[in-house]
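The values are calculated or read from the model by the stated rules, or taken from the named source; none is laboratory data. Treat the numbers as computed from the prediction; the structure is a model and nothing was measured. With ideal geometry, Cβ positions are generated from the backbone for all residues, glycine too; neighbour counts draw on all protein chains shown. Surface accessibility is based on the protein's heavy atoms, side chains included, excluding ligands, DNA and RNA. Shrake-Rupley method; radii C 1.70, N 1.55, O 1.52, S 1.80 Å.
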Amino acid sequence: MKIFTVILLLAIKTISAQQQTVEFSEIDYRVRSIEPAPPVILAQKLTEGYQTDKEKLRSIFSWITEHIAYRVKKSYRGNAFKTVTIADDTSKWKTANDIIAETVILNQTAYCDGYARLFKTLCDYAGLRSAIITGYARTDYGKVKFNCNHTWNAVYLDSSWRLLDVTWASGYTSYRGDEFIKYYNDYYFLTSPEEFFKDHYPDDMRWTLLERPPVIREFFNGPYKNKAFGKYRITSFMPSTGIIEASVGDTVRIEVQTNDLQTDFKMASDTVAIMDETLQAIYSTIGFLQADDHNNRTLHYTYIVDNENTDWLQLQYNKDSILRYKLKIRKNKNNNIAVNIH
């Protein structure tokens, strides 16, 4: 009986030791001494010895913020920016993320896209599920057009998606943009969706991780331009403001002018649908609109407001999402009269 008790206590102690988490401060200190290496090797070094996904995630996140600097104007002076050259037969199997990640590690500098791709590549090799998110980021200074200008990440942790921005966590640039100041900001590690949304607005609304994302002030100046908007020859759109007010029963009409419809329609679509049961909460609040017809260089979109639950109108052009409007439903007592919105 005594022997059984001793064995049981040892087993409990072993399980407890395995489940014990490591302090983030220990992880942050350890990554300082881990030298750059190819992504698959680096991911192994960063995650070996850790028991939980959160510890592994922290190690990857902390290493990038410690070893990678944001690429500023001064980066062009002195040594040229190096790119990875792969001559072996296995190069054809490498993904774009792999090649970019290797280039970032080699140069130890990157723009936000490089940060995000390096993070995802290391997560992939570590067995962590993650995603690259593109969208609009707001800063406290300067005027920024309301379209896609930033890249960040999401990671699937403890049965739910979480948001983080390894670029903004690593430091900031000077006002003139010619100097990078390394300053770790823990705020952008697993930030709550409500806080993250204050300065990050994704191309795909589902990545807000909010059931009903609020409208932001930029919509008063114009609709949100998705990443694909810039690759087409669009010259104008109506309405010019990003908020459309309507009542149930109204018909909303939107027009898009383009220089060359035929050439645009020959382009390959780059829209990638991310279907995930954990991201479907706001899917039903978005109306995806295809052009009803096109005359010369004008595309016509029509949407009949048939319920009060649709919050957003997403315009599809050549299978790409290009513009997003906020639909504000008026609470009218009499909805029998249809109003056309131009």
Those residues of segment 30-55 which are in a loop (DSSP other than H, G, I, E, B) and open to solvent by 80 Å² or more (accessible area, probe 1.4 Å) amount to R32, S33, E35, E48, Q51
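Table: residues versus (1) within 14 Å of the chain's Cα centre (by Cα); (2) among the aromatic types (F, W, Y).
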site: I133; (1), (2): yes, no
site: C148; (1), (2): yes, no
site: L157; (1), (2): no, no
site: Y184; (1), (2): no, yes
site: S192; (1), (2): no, no
site: I216; (1), (2): no, no
site: F219; (1), (2): no, yes
site: K231; (1), (2): no, no
Inside segment 292-313, the number of residues satisfying the requirement of being surrounded by 14 or more Cβ atoms within 10 Å (Cβ to Cβ) and under 18 Å from K326 (Cα atoms) is 8
What is the one condition in (1) over 20 Å from L210 (Cα atoms); (2) modelled with pLDDT under 90; (3) not β-branched (V, I, T) that Y283 does not satisfy? (1)
Yes/no for N149 being open to solvent by 10 Å² or more (accessible area, probe 1.4 Å) and free of Cβ contacts under 8 Å to residues at least 24 places away in the same chain: yes
